[in-house]
């Protein structure tokens, strides 16, 4: 930190910001990850202004799925509160704070062991001949900076959002796990618009047995 920089915020790396970085950035930005490490104050502080710019422009973390269109268990997109905390910390001089407030560093999975799902691939429109339960989706073949939107139109006309990909970054392919499996009955039409296609991992629900008389 420059000697002349004035601290104007009570937010600190140790108490607030490290927790956001660990949770939303650390899986890539770490030793042995796919990008330079940001897990310590000494590593992150020189990048403070760049971090603010990247997150406010929604370039980082590279999530690509539009918030509110489908619900995902592994949502890495920053919340508005997290964006405000990061921005205010940077603008306030990016102080370190007392290291005693640092949380334990999480244990990260080896990204090389993450396997991309295989399953039903849909481009355009596809009508289901049997009921399925959707667990995970993955965009495929979407151009850099491109978009893809997928919905399921149920037989009764109701529309279930699956995913909306915007400003896609193909160098970071990923699975998107639904927060809750989505049951789609036979006769449902899956509609995919935009570039590329959507790969859908499904399981066939077990038929419920009729109760014994």
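Taking every DSSP beta bridge that has both ends in the chain, the antiparallel portion is near 95%.
Between the Cα long axis of helix 80-91 and the first principal axis of the chain there is an angle of about 20°, rounded to the nearest 10.
If you sort the three axes of the alpha carbon gyration tensor as a ≥ b ≥ c, you get a/c of 1.5 or more for region 13-113 and a/b no higher than b/c, which makes it oblate.
In this rough spin-label picture, where each label sits 7 Å from Cα along the Cβ direction, the residue 71-residue 167 distance is 2.6 nm.
For the chain, the 222 nm mean residue ellipticity estimated from helices alone, with every DSSP H stretch of n ≥ 4 adding -39500 (n - 2.57) and the total spread over all residues, rounds to -4000 deg cm²/dmol.
As a rough footprinting exposure proxy, the listed residues 177, 80, 60 were ranked by other beta carbons within 10 Å of their own, and the order from fewest upward is 80, 177, 60. Exposure proxy for 148, 38, 183: other Cβ atoms within 10 Å of each Cβ, ordered fewest to most, give 183, 38, 148.
Inter-label distance, residue 180 to residue 10: 3.8 nm, where each label sits 7 Å from its Cα along the C-beta direction. Across region 65-207, Cα-Cα pairs more than 23 Å apart make up 46 percent of the total. The gain in end-to-end length when the residue 87 to residue 189 segment is fully stretched comes to 32.5 nm, 0.36 nm per residue minus the alpha carbon separation.
Listed from fewest to most Cβ neighbours within 10 Å, the set 166, 22 follows the order 166, 22.
Throughout, read-outs are computed from the coordinates displayed, never taken from laboratory work. The structure presented is a predicted model; accordingly, all values stated were derived computationally and were not measured. Cβ sites come from the backbone with ideal geometry, for glycine too, and all protein chains shown count toward neighbours.
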